[in-house]
Structure formats: C-alpha cells, structure tokens
Amino acid sequence: MKHDAVGTSNQTSVSMTFQTIVNNSRTRLAHARTNASGQVRGFIHSRPLASAGILLFTGLLLGAGVRSAAGMAQVSLLQAKADKQQAQLDQVRRGAQQEVNAMAARLGELQAQANRLNALGERLTRVGQLQDGEFDFNEPVGVGGNDKAYDMAPQALNAGVDQLERQFAASGKQLSVLEALLFNRELDKNATPSRMPIVNSYITSGFGGRADPFGGGGAFHKGIDFKASVGDPVLAVADGVVSFAGVKSGYGNVVDVDHGNGYVTRYAHNSRLVVRVGDLVRVGQEIAKAGSTGRSTGAHVHFEVWENGRVVNPRKFLGDGPTPVGKIRRG
C-alpha cells in the first residue's frame with residue numbers, strides 16, 4: 001500500500017511539473033510577443049519615415065510579384081500566338097513555293113518549245129532562202145506601250161501562260177506543215193534535172209536535127225554533147241536511183257538515173273562507170289568518168305532527158321547550172 005501511494009504521489013508531482021513548464025512557456029511566448037509588438041510600435045513611433053519606407057518596399061515587392069506572374073502569363077499567351085502565326089506563315093510559304101515550282105516547270109517546257117520553234121524557223125528560213133533578215137530568230141522582237149503597270153494576280157499569270165502554251169502549240173503545227181511543204185518542194189527540186197552534168201565545159205552539139213558526123217546527111221540528136229577530157233567526172237543532175245549501168249548500142253558505157261517523178265536522165269560515151277544499178281545518187285554526185293566509147297568522134301559527155309517516156313530538150317533543165325544555157329565558155 002505504501003508503495004502504491006508513493007507511486008501515485010510521484011506521478012502527480014511529474015504532471016504538475018510538466019504543466020508548470022507549459023504554463024511558463026506560454027507566459028514567456030506571450031511576453032515575447034508583447035515585447036516584439038511594443039518594439040515594433042515603438043519603432044514606428046520613433047521612426048515613422050523608415051517604417052513607411054519598409055511598408056512601401058514590402059508593398060512594391062508584393063505588387064511586383066503579382067505583376068510578374070501576370071506578365072509571364074501574358075508573355076506565354078503571346079508566344080503561343082506567335083508560334084501559331086509562324087506555323088501558318090510557314091504553311092503559306094510552302095504553298096507559294098509549290099506554286100512557284102510548278103510555274104517554273106511550265107516555263108521550262110515553254111522555253112524548250114520556244115527553242116524548238118526557233119530552230120525550226122531558222123531551218124525553214126534556210127530552206128525557203130529567206131535571207132533578207134526579216135526572219136532573224138536570234139534578235140528579240142521590239143515591243144512598247146505607255147500603259148501603267150499593275151500587280152498581276154496568280155490566276156491572271158496562269159491564264160497568260162495557258163494562252164502562250166496554246167499559241168506555241170498552234171505555231172508548232174503550222175511550222176511543221178510548212179516544213180513538210182518546203183521539204184517536199186526541195187525533194188521535187190532535187191529530183192528535177194537542173195544541173196550541168198560536167199563542170200567548166202561548153203556545149204559542142206545541141207538537141208534536135210543536125211548533120212550526121214559519121215555517114216553524112218541529117219540525123220536527129222536526142223541530147224546535148226558537152227566538151228570533156230577522158231577521165232573528167234560526170235555528175236548526176238538530180239537525186240535519183242541508177243536504173244541502168246552498162247553498155248548500150250551506139251552509146252557505149254551508159255548510166256541511166258530514174259528520178260521518180262517521170263524524169264530519167266542518161267549519160268553516155270563514158271570511159272568508166274562508178275555506180276551500179278540500184279545505187280541511190282544525190283545531185284552533184286560523180287557517177288562515171290567521161291570518155292569516147294560507143295559511136296563517138298572524141299571524148300565528150302552525151303546527156304539526155306526523158307520525161308514520161310519521151311525524150312525532151314535538156315536545155316530547159318540546165319538554166320540553174322554553173323554554165324548558163326545559151327552561153328558557151330571554153331575552158
């Protein structure tokens with residue numbers, strides 16, 4: 001029993017001691033607050049300007065913090081708008097670049113077509129012998145006007161390119177047709193006898209009736225004789241195909257050339273032949289060597305022209321040759 005009483009007494013004593021410590025701490029804390037409050041009030045009363053400055057500085061710090069937070073939020077919003085606008089601008093720029101690339105491709109095609117038309121025009125100028133400078137494709141065409149310039153819309157530019165493309169296509173077709181006509185005309189010209197069968201020569205015997213150089217009396221001469229030396233080149237007077245190359249009675253060594261448009265030319269009394277049947281010959285090409293084979297009194301070139309199976313006077317076909325018809329040049 002004694003022991004229990006002693007334990008109870010000790011517990012009571014500890015509880016009182018702890019309560020005393022807590023009360024004392026509260027008292028000191030309240031006293032400290034009172035002192036601090038008093039000191040603050042005393043500082044404010046003793047130094048009002050400093051106190052006002054401290055309060056103002058504190059308010060400024062608080063205001064700056066609030067404004068800074070609001071400013072950061074506004075900056076973030078503006079940055080988001082700028083990023084969005086930049087993305088839209090990039091998209092517009094890519095679209096514009098794609099249109100420019102497409103237009104550049106079309107312009108490249110038009111430039112190639114223009115170069116082709118210029119080359120075709122120059123060739124036609126040469127073929128048509130238009131050398132007076134009227135069709136000079138290397139010089140730009142003169143233009144002018146006093147209209148005020150304005151910004152052209154992309155739709156208008158595309159429409160202009162479309163129209164230019166159609167004009168190029170139409171011009172190309174027209175020039176192609178003209179080229180075909182001129183080419184056919186050139187073929188016809190080259191296939192029509194229009195040259196001399198030998199250069200630097202003269203006519204020794206004309207076409208038609210003459211005195212027979214062998215038996216006397218009269219005889220009909222089917223061609224024209226040109227003075228030549230043995231071995232001189234005998235030339236084709238037009239494009240054609242060799243239809244005969246060999247010996248014919250009275251003619252000696254003969255070459256006949258079929259020009260495909262009803263004309264056949266004959267070159268006789270040759271010393272040697274340099275072409276064979278079936279050979280394609282061009283105007284001015286050597287086909288034989290001059291001589292005096294067959295019924296001949298000396299070296300010369302006997303030249304005949306046959307039109308649709310009938311022998312004709314070769315004179316009318318020799319006007320464009322190097323030796324004008326009707327004039328004799330000895331050489």
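Side notes on the structure shown:
- Matching residues, segment 259-289, being among the aliphatic types (A, V, I, L, M) and either part of a strand (DSSP E or B) or closer than 22 Å to Ala228 by Cα (or both): Val264, Ala268, Leu273, Val274, Val275, Leu280, Val281, Val283, Ile287, Ala288
- Residue satisfying condition, being under 55 Å from the mean Cα position of the chain (by Cα) and at pLDDT below 70, within set Leu175, Leu164: Leu175
- Residue count, segment 301-315 (criterion: under 13 Å from His269 (Cβ atoms) and buried (at least 24 other Cβ atoms within 10 Å of the Cβ)): 3
- Restricting Gly108, Gly95 to those that are surrounded by 10 or more Cβ atoms within 10 Å (Cβ to Cβ) and modelled with pLDDT under 75 reduces the list to Gly108.
- Lone unmet requirement of (1) modelled with pLDDT of 80 or more; (2) under 55 Å from the mean Cα position of the chain (by Cα); (3) under 15 Å from Glu304 (Cβ atoms); (4) part of a loop (DSSP other than H, G, I, E, B) for Pro193: (1)
- Residue check, Tyr267 more than 20 Å from Tyr202 (Cβ to Cβ) and modelled with pLDDT of 90 or more: no
- Taking the listed residues Asp239, Asp256, the one that is under 50 Å from the mean Cα position of the chain (by Cα), surrounded by 13 or more Cβ atoms within 10 Å (Cβ to Cβ) and at pLDDT 95 or above is Asp256, with no other qualifying.
- Any hit, segment 313-330, residues being hydroxyl-bearing (Ser, Thr, Tyr), at pLDDT 90 or above and within 19 Å of Ile203 (Cβ to Cβ): no
- Pairs are defined by a Cβ separation below 6 Å, a sequence spacing of at least 6 or placement on different chains, a first member in segment 88-114 that is within 22 Å of Gly172 (Cβ to Cβ), and a second member that is surrounded by 12 or more Cβ atoms within 10 Å (Cβ to Cβ) and aliphatic (A, V, I, L, M); the pairs so defined are Arg106/Val161.
- Any hit, segment 272-288, residues being within 20 Å of Ser205 (Cβ to Cβ) and at pLDDT 95 or above: yes
The values are calculated or read from the model by the stated rules, or taken from the named source; none is laboratory data. Given the structure is predicted, the values throughout are model-derived calculations rather than measurements. As a convention, Cβ positions derive from the backbone with ideal geometry for all residues, glycine included, and neighbour counts pool all protein chains shown.
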